[in-house]
1. What number, in nm² with one decimal, is the all-direction average of the projected area of the convex hull of the alpha-carbon atoms of segment 110-166?
2. Along the Cα-to-C-beta direction of Gln51, a point sits 7 Å from the Cα; which residues of segment 1-45 have their amide N less than 15 Å from that point?
3. What are the extents of the Cα atoms of segment 95-233 along their three principal axes, listed from largest to smallest and rounded to whole Å?
4. Within 10 Å of each candidate Cβ there may be at most 13 other Cβ atoms; applying that plus a DSSP loop requirement, which trypsin sites (Lys or Arg not before Pro) in segment 104-210 survive?
5. What relative contact order, as a whole-number percentage, does segment 65-217 give when Cα pairs under 8 Å and 6 or more residues apart are counted?
6. Enumerate by residue number the GluC sites (Glu not before Pro) in segment 116-183 meeting two conditions: DSSP loop (anything except H, G, I, E, B), and at most 16 other Cβ atoms within 10 Å of the site's Cβ.
7. Which whole-number percentage describes the relative contact order of segment 64-352, with Cα contacts under 8 Å and a sequence gap of 6 or more?
8. If you rank Met212, Met245, Met1 by fewest surrounding Cβ atoms within 10 Å, what's the result?
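The numbers here are math on the coordinates, done by the rules we state, and not lab data. Here the structure is a predicted model, which is why all the values come from computation and not from measurement. Quick reminder, even Gly has a Cβ in these numbers, built from the backbone with ideal geometry, and neighbours come from all protein chains shown.
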Amino acid sequence: MPRPIELHAAWVYTGEAHSGLLKDHTLCIDENGKIEALIPTREAARNPGAQQIELGNHLLMPGLINCHGHAAMTLLRGFADDLALTPWLQDHIWPAEGRWVDADFVRDGVNIAMAEMIKTGTTTFSDQYFFPDSTAQAACDAGMRCQVNFPIINVPTQWASEPNEYLSKGLAVRDKFKSSELVSVIFGPHSPYSLEERDIAKIATLANELEMGIQMHVHETKPEVLHAVEINGERPITTLKRLGMLGPHMQCVHMVWLSKDDIRAIADSGSHVIHCPSSNMKLASGACPVSDLLDAGINVAMGTDGAASNNGLNLFAEVRLAALLAKLTTGNPASLNAEQALHMATLGGAKALGLDHETGSLQQGKWADVIAINFDDASMQPLHNPISQVVYAGHGAHVQHSWVAGRQLLNNGKLQTLDESKIIRSAQAWRAKIASNANPTTSAKELA
């Protein structure tokens with residue numbers, strides 16, 4: 001049976017607005033992996049049956065929550081760079097996926113992604129990709145928390161042929177993992193332009209009946225919005241509102257090209273926005289108006305998007321970039337301050353995924369999804385403001401330890417539940433397979 005754990009650290013960022021930053025505190029984790037208490041270290045009784053971990057000059061904080069990605073696409077990292085979204089997808093990514101994606105591709109790609117995310121501070125990730133059961137099982141095996149958004153698109157793939165089959169298979173994945181404490185399953189319709197209105201309306205109805213969330217790419221590019229107006233006579237957000245898609249269960253990804261009416265519709269519905277700055281910049285899609293969204297009372301979370309369009313999954317890099325981009329686009333250096341940016345990647349992310357009662361902050365009764373950041377590094381000194389330091393000077397390499405539900409996934413920078421050497425060999429085998437245009441029936445293991 002797992003032992004209780006007591007983590008003693010110089011600094012603790014709880015993620016909760018009322019408690020903020022604490023000095024010299026101890027986080028007590030019970031044998032079930034939940035937070036039991038957060039108390040001043042001088043008052044800690046030091047349970048003799050608990051594992052005592054002295055972290056010294058570290059910051060304990062909630063693990064980061066990567067609210068949007070396509071984890072398996074790590075295998076296409078650097079495959080087709082420096083292109084706009086439409087040719088990138090239609091001429092390169094979709095053909096490559098059509099040839100190579102299967103359950104093995106997804107499992108191996110997700111393992112690469114999880115290794116990178118764990119080492120850079122992410123403890124929960126949301127994923128939208130084919131063969132979502134492979135993603136869910138990989139997350140369970142590695143001990144990561146995961147929201148699986150099973151894809152729905154009006155395009156045949158190796159996983160399904162048409163929207164009804166995507167729905168049937170996706171709901172079967174939900175049933176398979178319904179008892180998991182790590183995996184939640186929601187609808188993942190790709191975008192308004194990749195589905196018929198009747199399919200979108202059906203998803204909205206099912207989501208309401210089954211009390212499931214929805215995640216969708218929305219208003220990512222200007223041509224997408226203009227095309228919708230030309231074809232449908234209305235903007236995509238207006239269409240989604242009309243079809244019943246908007247609401248507290250809705251996670252709108254990207255949201256770059258927005259009007260005041262679009263923002264009002266999101267705010268009025270209680271929908272969430274997921275900001276992916278690196279991907280939007282790399283594809284020259286534009287910049288999400290985060291400050292305007294926050295001013296309207298909209299919850300904004302953070303995502304990396306897939307490694308094929310980022311090209312990394314380091315959410316700390318996204319947090320820093322989001323803060324800087326908000327200042328640049330508004331011309332206001334006070335826009336999106338450090339704590340607001342960090343909130344988007346922790347409790348704001350948990351709220352967007354509907355998991356804020358379980359994770360996202362260091363609060364009694366929540367799962368102990370925790371990371372420890374080392375301040376004993378020249379790049380992190382002198383330490384005037386720990387939160388600003390993490391956001392503006394920190395990076396994923398400063399993460400030394402990570403726990404999910406009290407289970408340690410990273411110890412002194414070393415993965416505990418994943419074999420990094422094996423993962424690297426798998427990645428190299430897939431690179432050789434894709435580069436050589438090998439027969440798709442050849443397994444990656446045969447080329448290792």
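1. Its average projected convex-hull area is 3.9 nm².
2. Under 15 Å, as judged by backbone N against the label point of Gln51, lie 1-8, 27-35 of segment 1-45.
3. Taking max minus min along each principal axis of the Cα atoms, segment 95-233 gives 46, 33, 29 Å.
4. Working: sites: Arg107, Lys119, Arg145, Lys169, Arg174, Lys176, Lys178, Arg198, Lys202; in loops: Lys178.
Answer by residue number: Lys178.
5. 20
6. Here the GluC sites (Glu not before Pro) that fit, given the DSSP loop and packing criteria, are Glu181.
7. Relative contact order for segment 64-352 comes out at 20 percent.
8. Ranking Met212, Met245, Met1 by Cβ neighbours within 10 Å, fewest first, gives Met1, Met212, Met245.
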